[in-house]
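First up is the structure itself, then whatever we jot down about it.
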Amino acid sequence: MSTFNRLLLRRLHRVAGMAALGFIASFWLATVIVELRGNIGEITLVKTAIAWGLIGLIPVLTATGGSGFALSGGTPSGILKTKLRRMQVIAANGILVLAPSAITLAILAQQGRFDGLFVGVQILELLAGLINICLIGLNIRDGLALARST
């Protein structure tokens, strides 16, 4: 890979990673804020917006993972291997927990169903989101350390 292409890929990786963190953190914060306020209309609006926000989140997560894997050279080791393992957990968490939760919560909120199911899925979504925020933060930390060492 040429130096120019590697530089572009690094920039793409940084921008996509920060965008992914921004999406997830804003979803999480918006949820906590509206849940604490307890306004049903705001909760419905935020849950619906988060479900639609997946349209933006999924491509930036894909770009982050793909560019990170390409930068690793295909056979990561050391810190890169750790970052890849975290990305696999982030992706699985997103596909198996966060995306289905976001869609379920949007549907339940639009139906006015703020029952035990809504609360249970909401707690699961908040925990899974917090895990992804922490894992992405660790990957950013390690990525910055790698950038300083090269």
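The values are calculated or read from the model by the stated rules, or taken from the named source; none is laboratory data. As the structure is a computational prediction, the values presented were derived from the model and not from experiment. Here the Cβ is made from the backbone with ideal geometry for all residues, glycine too, and neighbour counts use every protein chain on show.
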Restricted to segment 27-64 and to residues being without any contact (Cβ under 8 Å) to a residue 12 or more places away in the chain and of a type in the set (Gly, Ala, Ser), the residue farthest from Arg85 (Cα to Cα) is Gly41
Conditions (1) modelled with pLDDT of 95 or more; (2) assigned to a helix (DSSP H, G or I); (3) exposed (fewer than 13 other Cβ atoms within 10 Å of the Cβ) -> Ala106 fails only (3)
Any chance segment 53-65 includes a residue that's of a type in the set (Val, Ile, Thr) and at pLDDT 95 or above?
-> yes
Could you please find all residues in segment 65-114 being touching a residue at least 24 places away in the same chain (Cβ under 8 Å) and of a type in the set (Phe, Trp, Tyr)?
-> Phe114
Filter result for Leu21 (part of a helix (DSSP H, G or I) and surrounded by fewer than 13 Cβ atoms within 10 Å (Cβ to Cβ)) = no
Return the residue satisfying two criteria in turn: it lies in segment 109-150 and is assigned to a helix (DSSP H, G or I) and basic (Lys, Arg), and of such residues it is modelled with the highest pLDDT.
-> Arg141
